[in-house]
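A.B. asks: The structure that follows is given in the form of structure tokens.
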Amino acid sequence: MFDGFTNPGLLAGLALAGIPLLIHLFNRQRHKPVRWAAMRFVLAAQKTTRRRVQFENWLLLLLRVAAVALLALAISRPFVGADGALSALTETRRDVVLVIDASASTGYREDVDTVFDRIQDRAAELLRESDGARGDRARLVVAADTPRLLSWTDPAKAAAIVESLERPEDAGLDLAAALAEVLRFAEEDAAGTGRSELEVRLLTDLQRRNFVGDEGRPVQLDETLDALDELGVAVVVEDLGPAGLTPPNLSVTAVDVLGPLVGAGTPVEVRVRVANRGAENARGVRVALEVDGERRPTQIVDVPGRGAGEAVFPVLFRTPGDHALRARLEGDRLAVDDARATIVSVPPPTRVLVVNGAPSAEIDKDAVGYLMAVLEPVADDEFGVGGPAAPFQPREVTPNDLENETVELDDHDVVWLADVGSLSDRVVARLEEHTAAGGALIVSLGPRAQPTAYERALHRADGTGLLPVAIGPVVSVASRRESYYRAADFDALHPALRFFDDERWRPLFSEMPIYDFVSTRVDEGARVLARLDDIDQSPLLVEKAYDRGKVFVWTTTISPAWTLLPASPRSLVPLVHELVRNAASEEDTAWNLAPGDAWTPELDAFPRRSELVGPDGQGRVLLEGEPVEVANGRWTAPTVAGDRLSRAGLYELESEGASKVLAAVRIDAAEGDLARLAPEELTGLHRAFELAGAREGDGDADGGAPRKGELWRGIALAALIALVGESLWGAWIGHRRRTA
């Protein structure tokens, strides 16, 4: 009779229909026949009224049972299909899921309206076709990188929400997440019956990358679509995107600093990459760059169709710290990708404490003579690294200075121990504290280094000591005239050695002669950055993290005692510079975020009050929460929630008592690629996809989806009639029997 029930669990209420019958039976059991003298006169009178009384009682019982049964049936909400025997008595209730594509690409403007405006208008039109008074329901899902369910019952409320949406989000569409949400609704609607009657509409610009992925990588949709198809749910897709399969669009895809940021006062080049997403060549594209809000002269570039171009700007950062770069194009039809911001962090001079374990008046015999020459060169000297910039601030001391505590370790970023014989427990404890707080320690060994003393004071078998290796005996070549060791294998991707990844410079490191080194055994968790070509492939450079800091061990000397490294400035200079710079570098503090990412800014002092300033100075939000001390006088401000960072652009955190901190929120560069999926491709992706012709005005509001024909209103009316009939019939019986 019925094809199913919306609330099948409530059918258990039908059992309550037996209560009036049970009451009737219990009442009959309480009457015991008692014969007495005048009984024959009563029996004679009963014969004339028995049939009528039985009819009245059974009719009253039937009305009571029917009222309870019909009420239980009504709240379980039975429905039948269009071909059911009771279909003429049903009313149609629609259950619509409307998925609105609110990704950044829908901000594309054609004529006056944007694609998002068209999506809003179409959504409002579809919602007006639903009627909440007859039981229609509408689930409104606004989908971008995360789907959000904004309405789930009343179509009128959903329509009001649609009209209140101001603009699309600055993020791409995660179609897999949106369809997973639809699947959850369909499974709830099926309620164990295996079939769902949801009408699903996806209003989108049909951006190709949302369906088939970037660079041919498929979007994982099949599993979700298979599950929807098994439930009988079709996803009707309405194409409301711009005309053509390749709409014209220019976008800024990257703003990069070319080369390393050595420090303030050193000129660098900033490259702005521009992508042409259309098929036609774009000539005379004007590219502008702002550095900390100061606009630089505009450059003109030509960008080929479906290609890229770049503009390079010379920039000089005069102060260390975070700096904001923002590139802009002349506005086109999609504004959100015409500007892109980047935060770059210019490091302050690295403060290096060099502990000389073997001082000498002759540079060739001094343990750090060449090292100090590299860290503090004379301008335009033979090393070629002089000039106005001073990336390093070295200070040379002796081991006795450490023992006498005349040196404050916290005033230095890097401590370099060069051929130091041994260290007291007190000095080791100070080094451990300094490194754990975020400092760096570089240990280069040599003839004076005592392996047993190092092993006792600096290394622990459980890996908790400063050294990442166990120290062994010295290994030497048999004859320096006949052989030497080389760095046969090294990690060219590590920042400290990346300079030598270039084939032109690789021999400067891999062919460097080494005559003596200290044998070591690497601890678990340490990272070997370079190995020698001896039979054991002994480590040459080893790195390990020590709490917030880093430790490096160079198993030979940094002086000419054991290697010819100092004899080659082209080898020594990049090795020392990159090693010290990488050792001093903390985790990248330049905050370049995606829309919706959370942000926990790190400040250089305790912030008494922190306010977040939105892009272009719009909107100020006072952050709630307590700052947390990190180390060395640095604090983290209260975390900025992702919903505060949903728009692309530059954000500032202003705090009383601390320096300003910057963050850049940037959309996915691929979002500017507006290439669209052809209709025949959509239908070929999966049979659960159906393409609607809404733009051609086909008027197909439901896409052919089946509708539930519900009977609950008629059944509820029948229950009400039974209740009224039972009351009237019972009253009439009582009145007649009292007057009889």
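Derivation of every value follows stated rules applied to the coordinates shown; laboratory data play no part. Computed from a predicted model, the values in this text were never measured in an experiment. Methodologically, a virtual Cβ is constructed for each residue, glycine included, from the backbone with ideal geometry; neighbour enumeration extends over all protein chains shown.
A.B. asks: Mind pulling the angle between the C-alpha long axis of helix 115-128 and the longest principal axis of the chain? Nearest 10 degrees, somewhere in 0 to 90.
C.D. replies: Taking the Cα atoms of the chain, the angle to 115-128 is about 20 degrees.
A.B. asks: Output ³J(HN,Hα) for the range 537-545: one whole-Hz value per residue in order, computed from phi by the Karplus curve 6.51 cos²θ - 1.76 cosθ + 1.60 with θ = phi - 60°, and x for Gly and Pro.
C.D. replies: 6, 5, x, 9, 9, 10, 10, 8, 7
A.B. asks: For D222 and A669, what does the FRET efficiency come to when R0 = 22 Å and r is the distance between their Cβ atoms, rounded to the nearest 0.05?
C.D. replies: On the way: r = 27 Å, r/R0 = 1.23.
For R0 = 22 Å, the calculated efficiency reads 0.20.
A.B. asks: List the aspartates and glutamates whose Cα lies under 13 Å from the Cα of K365, skipping any in the same chain that are fewer than 8 positions away.
C.D. replies: D419
A.B. asks: Could you compute the FRET efficiency for K157 and E188, with r as their C-beta to C-beta distance and R0 at 25 Å, rounded to 0.05?
C.D. replies: Working: r = 19 Å, r/R0 = 0.78.
FRET efficiency, K157 to E188: 0.80.
A.B. asks: Sticking with this structure for a sec: Hey, what's the Cα Rg ratio for the range 412-495 versus the globular rule of thumb, 2.2 N^0.38 Å? Mind dumping the intermediate values first?
C.D. replies: Values: Rg = 15.2 Å, N = 84, 2.2 N^0.38 = 11.8 Å.
Dividing the Cα radius of gyration by 2.2 N^0.38 Å gives 1.28.
A.B. asks: Right, next: Taking only Cα atoms, what is the 0 to 90° angle, nearest 10, from helix 712-739's long axis to the longest principal axis of the chain?
C.D. replies: 40
A.B. asks: I want the antiparallel fraction of DSSP beta bridges within the chain, as a percent rounded to 5.
C.D. replies: Working: 86 of 131 bridges.
Beta bridges within the chain, antiparallel portion: roughly 65 percent.
A.B. asks: Which translational diffusion coefficient, to the nearest whole µm²/s, is obtained for the range 209-270 from the Stokes-Einstein equation, given a Kirkwood hydrodynamic radius over C-alpha pairs, 4 °C and 1.567 mPa s? Intermediate results must be reported in sequence, preceding the final value.
C.D. replies: Working: Rh = 17.0 Å.
Taking Rh from Cα pairs, D becomes 76 µm²/s.
A.B. asks: Then there is this: With an 8 Å Cα cut-off and a minimum separation of 6 or more residues, compute the relative contact order for the chain in percent.
C.D. replies: The normalised contact order for the chain reaches 15 percent.
A.B. asks: Then there is this: Scale the Cα Rg of the range 570-677 by the rule-of-thumb value 2.2 N^0.38 Å and send over the ratio, two decimals. Please list the in-between numbers first.
C.D. replies: On the way: Rg = 17.7 Å, N = 108, 2.2 N^0.38 = 13.0 Å.
Its radius of gyration relative to the 2.2 N^0.38 Å reference: 1.36.
A.B. asks: Would you calculate, for the chain, the mean residue ellipticity at 222 nm contributed by helices, counting each DSSP H stretch of 4 or more residues as -39,500 (n - 2.57) and dividing by all residues, to the nearest 500? All intermediate terms of the calculation are to be shown ahead of the outcome.
C.D. replies: Working: 15 runs with 193 residues, N = 740.
Roughly -8000 deg cm²/dmol at 222 nm, from the helical runs in the chain.
A.B. asks: In sequence order, what are the phi-derived ³J(HN,Hα) couplings for the range 150-161 according to the Karplus relation 6.51 cos²θ - 1.76 cosθ + 1.60 with θ = phi - 60°, rounded to whole Hz, with x for glycine and proline?
C.D. replies: 9, 8, 9, 9, 7, x, 5, 5, 4, 5, 5, 5
A.B. asks: Taking Rh as the Kirkwood radius computed over C-alpha pairs, what is the Stokes-Einstein D of the chain at 10 °C in a medium of viscosity 1.306 mPa s, expressed in µm² per second? Each step should come with its number before you reach the end.
C.D. replies: Values: Rh = 33.1 Å.
Answer, rounded: 48 µm²/s.
A.B. asks: What are the extents of the Cα atoms of the range 350-584 along their three principal axes, in Å, largest first?
C.D. replies: In descending order, the Cα extents are 45, 43, 35 Å.
A.B. asks: Please work out the FRET efficiency for the pair I363 and R480, using the Cβ-Cβ distance as r and a Förster radius of 25 Å; give the result to the nearest 0.05.
C.D. replies: After rounding to 0.05, the efficiency reads 0.80.
A.B. asks: Using alpha carbons only, how many angstrom separate the centre of the range 455-493 from the centre of the range 245-281?
C.D. replies: Computed from Cα coordinates, the inter-centre distance equals 44 Å.
A.B. asks: Which net charge results for the neighbourhood of A470, defined as the other residues with beta-carbon distances under 10 angstrom from its beta-carbon, given Lys and Arg at +1 and Asp and Glu at -1? List each step's numbers first, then the result.
C.D. replies: Details: positive: R460, R521; negative: E455, D523.
So the surrounding residues net to 0.
A.B. asks: For the range 129-238, what are the per-bin percents of Cα-Cα distances with bins 10 Å wide, up to the bin holding the maximum?
C.D. replies: The distribution over the range 129-238 is 13, 42, 34, 10, 1, given as percents.
A.B. asks: By how many nm would the segment from R687 to A390 grow when fully extended, if each residue of separation counts as 0.36 nm and the alpha-carbon distance is taken off? Mind showing how you got there, number by number?
C.D. replies: Working: separation 297, 0.36 × 297 = 106.92 nm, distance 6.52 nm.
Gain on stretching R687 to A390: 100.4 nm.
A.B. asks: Could you pull the Cα extents of the range 391-440 along its three principal axes, largest to smallest, in whole Å?
C.D. replies: Cα extents, longest axis first: 30, 22, 19 Å.
A.B. asks: Cβ under 10 Å from S422's Cβ, S422 left aside: what net charge do those residues give with Lys, Arg +1 and Asp, Glu -1? Intermediate results must be reported in sequence, preceding the final value.
C.D. replies: Details: positive: R448, R456; negative: none.
Taking every other residue near S422 into account, the sum is +2.
A.B. asks: Moving to a separate point now. How far, in nm, would the chain grow between D131 and A254 when pulled straight, counting 0.36 nm per residue and subtracting the alpha carbon separation?
C.D. replies: Values: separation 123, 0.36 × 123 = 44.28 nm, distance 4.86 nm.
Working it through step by step, the gained length comes to 39.4 nm.
A.B. asks: While we're on this one: Hey, any idea what Rg/Rh is for the range 164-305, computing Rh the Kirkwood way over Cα pairs? List each step's numbers first, then the result.
C.D. replies: Working: Rg = 22.5 Å, Rh = 19.5 Å.
When Rh is taken as the Kirkwood radius, the ratio is 1.15.
A.B. asks: So, one more: List the residues of the range 642-672 whose backbone N lies under 16 Å from a point placed 7 Å from the Cα of E408 along the Cα-to-Cβ direction.
C.D. replies: none
A.B. asks: What are the semi-axes of the equivalent ellipsoid of the range 250-347, taken as the square roots of 5 times the eigenvalues of the Cα gyration tensor, listed largest first and rounded to whole Å?
C.D. replies: Details: eigenvalues 137, 31, 23 Å².
Ellipsoid semi-axes (Å, largest first): 26, 12, 11.
A.B. asks: Could you please report the charge total around G596, scoring K, R as +1 and D, E as -1 over all other residues with beta-carbon less than 14 angstrom from its beta-carbon? Could you put the intermediate results ahead of the total?
C.D. replies: Details: positive: R148, R644, R647, R666; negative: D145, E169, D170, D174, D597, D643, D668, E671.
Residues near G596 contribute -4 overall.
A.B. asks: What is the distance, in nm, between label points placed 7 Å from the Cα along the Cα-to-Cβ direction at V628 and at E230?
C.D. replies: Taking the two extended label points, one gets 4.3 nm.
A.B. asks: In percent, how large is the relative contact order of the range 250-347, given Cα pairs closer than 8 Å and 6 or more residues apart? Walk me through the numbers on the way to the answer.
C.D. replies: Working: 249 pairs, mean separation 33.7, N = 98.
Contact order relative to length: 34 percent.
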